[in-house]
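Just below is one structure, and these are the notes that go with it.
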Amino acid sequence: MQHRMKTHPLTEERLNHLLANAQTGNLATLNPDGTPYITPVHFVYSDGKIYIHGLIKGQKIDNIVRDGKVGFSVYDMCGLLLDSEGTPCGTNTRYESVIVTGTAALLGDAEAKKPC
């Protein structure tokens, strides 16, 4: 975990708000050779779980079937923190982010896939 994430963690409320309101995130799966494969995805956050919307075939699906270990990230760029002297190297970004690791599973049940 990055130092800034340790010193400036999101509250549970902000974490849930970001996951509930963001429409896209990045899903990382593992290729057969162990390298990461990162895919921008649409998702829904419900009951503490992240549901990814996507095609039923493809590299990310093949990767999940072979090895369910995944990473997921979402962020909201709130704005730039400009250097007081206007130097680009001193400019930073104010943002909120969530990074999740865990195990993915494919939903085969059509009922479970229906919107709430």
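The values are calculated or read from the model by the stated rules, or taken from the named source; none is laboratory data. Small disclaimer: the values here were computed from a predicted structure and weren't measured. Glycine also receives a Cβ, built like all others from the backbone with ideal geometry; neighbour counts cover every protein chain displayed.
Structure values in brief
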item: Subset of segment 45-69 (residues that are under 16 Å from G102 (Cα atoms) and among the aliphatic types (A, V, I, L, M)); result: I50, I52, I61, I64, V65
item: Pair list, Cβ under 8 Å, 6 or more apart: segment 42-64 residue without any contact (Cβ under 8 Å) to a residue 12 or more places away in the chain, other residue surrounded by 14 or more Cβ atoms within 10 Å (Cβ to Cβ) and part of a helix (DSSP H, G or I); result: L55/I61
item: Tally of residues being exposed (fewer than 15 other Cβ atoms within 10 Å of the Cβ) and within 13 Å of V70 (Cα to Cα) across segment 27-36; result: 4
item: Failed criterion for S84 (all others in (1) modelled with pLDDT under 95; (2) under 11 Å from the mean Cα position of the chain (by Cα); (3) more than 22 Å from P9 (Cβ to Cβ) hold); result: (2)
item: Considering residues of segment 51-78 that are assigned to a helix (DSSP H, G or I) and basic (K, R) only, the residue surrounded by the most Cβ atoms within 10 Å (Cβ to Cβ); result: K60
